[in-house]
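See below for the structure under consideration.
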Amino acid sequence: MQEIHHFVDGQTVEGTSGRTSAVFNPATGEQTANLHLATVEEVDAVVASSQAAFEEFKTLSIAKRTKLMYKFRNLVEANTDEIAKRLSAEHGKVLDDARGEVARGLENIEFACGLAETLKGTFSSLASTGVDVTTTREPLGVVAGITPFNFPAMVPLWMIPNAIACGNTFILKPSEKDPSAPRFIVELFNEAGFPPGVLNLVNGDKVTVDRLLDHPDVKAASFVGSTPIAHYVYDKGTANGKRIQALGGAKNHMIVLPDADLDLAADAAVSAAYGSAGERCMAISVIAAVGPIADPLVDAIKSRMQNLTVGPGDQSESEMGPLITREHRDKVASYIGIGADEGASVVVDGREQQFEGDGYFLGVSLLDNVTPDMTVYKDEIFGPVLCVVRSESYADAVDLIRTNPWGNGAAIFTRDGGAARQFQRDADAGMVGINVPIPVPVGYHSFGGWKDSLYGDTTMYGPEGVHFYTRPKVITSRWPDPANSSVDLGFPTNN
């Protein structure tokens, strides 16, 4: 049985707590590793390492940081298949999805490679008589990242490159469910030549999270996960005077207008709802079908679902893998029965698909005639269950987004440019797609929702990520006229 420990000061540090968490292969149900969980004292030791590293690292030039970041970027790219393999074995997503996750992470490393431009600050000459004003952005110190199971490679790469390129040191606390991919990424970071302690990894549970949020030397924390935990992290962290960005859950809507390209909309619905087994905060979980498009759209989605191949992530023919745990699989499956009991029409029941072995598989499901008062509409299911709400008008569909407590992403499918332009203004969400079902921004923009999908004032990665991991300093200076100075500057005189 593999034993997974912490990674501190560039080397493996064995856990001493005696507490472990089992790591499983969700495609087989077999335990593959024991993950050692940190004590408060172990977390304190990691923070001390990061603080010591910061005192040296903050003085390292931007040029040297950039060269090291390029080396890290190249190592991640060269090891994409290995990262994807480890990721798939513990998360369950198919290898193509896993490689795509690494590719999106690479975008953020590449953005961090260009931070010299972003960090150069501003300067105003002669802001007043003889006065110059300079603004710089300086690192915070030790910062932490608490990352989720559903994107164990990409989400750490949303945080680590920007934070470290800005001059901070970073502590990563990955999910207990799939720790091997983030662990390997940290090893690659160390291989790139960064000083020991600049990026540390500590495994843990609530004990670890609470200590990171309480520790006075941790200046900021980034979190991605469910809304209740995001709220908790935000409240606890800010109560301790920390800077917090905490991204929570979602109920993302995709409006389909009567004039939409039916095939395009149906294809998008299937990929956006069932990709990565629906375990992503940007998954489309609600289709708002407006007017007469509903019947043909439901038929088109149903016909495409029948062709999906669900199986182990490492098999080339698989298009969707298992869910992360047996408990989560059973919870997601229960929503299908709940929806039927509350009046939804079960068009496709994923519980009817049979699978060999003990993996945590569930077929894809489609529920029609869902209404906003139903549990399947109100809850974040976080699995391969797509709900269709039939709306009489564009205004009714937009109102679903406006009244929903979450505001991560929203999309519209239409051929009408005026309707699309109106939707950009009407959509009450942080990320909006026009004929794009999952509008996750590229690495040089920023990611984050509204309402209960984000706690904190700053979204993640890109320019907003730089602002989160730095603080501004304004320097106002006045110097005496050198003609009146006692210092000999070599000026010519008449003497």
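The values are calculated or read from the model by the stated rules, or taken from the named source; none is laboratory data. All values reported here derive from a predicted model rather than from experimental measurement. All Cβ positions, even for glycine, are placed from backbone atoms using ideal geometry, and neighbour counts span all protein chains on display.
Of note:
- Some residue of the range 364-379 being farther than 30 Å from GLY430 by Cβ, at pLDDT 95 or above, in contact with a helix residue (DSSP H, G or I) (Cβ under 7 Å, 6 or more places away or on another chain) and not acidic (Asp, Glu): no
- Hits in the range 411-437 - residues which are among the aromatic types (Phe, Trp, Tyr) and either within 12 Å of ALA260 (Cα to Cα) or without any contact (Cβ under 8 Å) to a residue 12 or more places away in the chain (or both): PHE413
- Sub-9 Å Cβ pairs linking a first residue in the range 379-404 that is without any contact (Cβ under 8 Å) to a residue 60 or more places away in the chain to a second residue that is assigned to a strand (DSSP E or B), at least 6 apart or interchain, are ASP399/SER391, ordered by first then second residue.
- Candidates VAL310, VAL286, VAL332 - the one that is within 30 Å of PRO258 (Cβ to Cβ) and of a type in the set (Val, Ile, Thr): VAL286
- Qualifying residue in the range 113-130 (condition: touching a helix residue (DSSP H, G or I) at 6+ places or on another chain (Cβ under 9 Å), at pLDDT 95 or above and under 30 Å from ALA27 (Cα atoms)): no
- Filter result (within 24 Å of the chain's Cα centre (by Cα) and surrounded by fewer than 14 Cβ atoms within 10 Å (Cβ to Cβ)) within the range 1-31: ALA22
- Reported count of residues in the range 230-285, each being closer than 28 Å to ILE434 by Cβ, among the β-branched types (Val, Ile, Thr) and within 20 Å of the chain's Cα centre (by Cα), is 1.
- Here ASN307 meets the list (1) farther than 29 Å from ASP416 by Cα; (2) part of a loop (DSSP other than H, G, I, E, B); (3) at pLDDT 95 or above almost entirely, failing just condition (3).
- Number of positions in the range 115-134 that are closer than 30 Å to PHE189 by Cβ and surrounded by fewer than 13 Cβ atoms within 10 Å (Cβ to Cβ): 2
- Filter result for the condition that a residue is in contact with a Phe, Trp or Tyr (Cβ under 6 Å, 6 or more places away or on another chain), closer than 25 Å to LYS64 by Cα, among the β-branched types (Val, Ile, Thr) and surrounded by fewer than 24 Cβ atoms within 10 Å (Cβ to Cβ), over VAL198, VAL186: VAL186
- In the range 146-177, of all residues being over 15 Å from the mean Cα position of the chain (by Cα) and of a type in the set (D, E, K, R), the one that is surrounded by the fewest Cβ atoms within 10 Å (Cβ to Cβ) corresponds to GLU176.
- Residue ID - surrounded by the fewest Cβ atoms within 10 Å (Cβ to Cβ), chosen from residues in the range 421-454 that are among the charged types (D, E, K, R) and farther than 23 Å from ALA269 by Cβ: ARG425
- Lone qualifier among ASP96, ASP81 - being without any contact (Cβ under 8 Å) to a residue 24 or more places away in the chain and closer than 25 Å to ILE381 by Cβ: ASP96
- Within the range 243-297, if we keep just the residues that are part of a strand (DSSP E or B) and touching a Lys or Arg at 6+ places or on another chain (Cβ under 9 Å), the residue that is farthest from LEU140 (Cα to Cα) turns out to be VAL290.
- Filtered by the rule that a residue be small (Gly, Ala, Ser) and crowded, with 16+ Cβ neighbours inside 10 Å, the range 53-98 gives ALA53, ALA84, SER88, ALA89, GLY92, ALA98.
- Options GLU352, GLU356: the member that is at negative phi and at pLDDT 95 or above: GLU352
Yes/no matrix, rows are residues, columns are (1) assigned by TED's automatic domain parsing to the domain that holds LYS93; (2) within 21 Å of CYS281 (Cβ to Cβ); (3) outside any strand (DSSP E or B):
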site	(1), (2), (3)
TRP158	yes, yes, yes
ASP178	yes, yes, yes
ILE185	yes, yes, yes
ARG211	yes, no, yes
ALA221	yes, yes, no
ALA230	yes, yes, yes
VAL233	yes, yes, yes
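- Selection of the range 446-490 for residues being of a type in the set (S, T, N, Q), more than 15 Å from the chain's Cα centre (by Cα) and at pLDDT 95 or above yields THR470, THR476, SER477.
- Just so you know, in the range 230-254 the residues that are polar (S, T, N, Q) and in contact with a Gly (Cβ under 9 Å, 6 or more places away or on another chain) include one that is farthest from ALA220 (Cα to Cα), and it is ASN252.
- Flag for LEU323 being closer than 21 Å to ASP97 by Cβ, in contact with a helix residue (DSSP H, G or I) (Cβ under 6 Å, 6 or more places away or on another chain), aliphatic (A, V, I, L, M) and surrounded by 22 or more Cβ atoms within 10 Å (Cβ to Cβ): yes
- Residues that are farther than 30 Å from PRO480 by Cβ and outside any strand (DSSP E or B), drawn from the range 129-146: LEU140, GLY141
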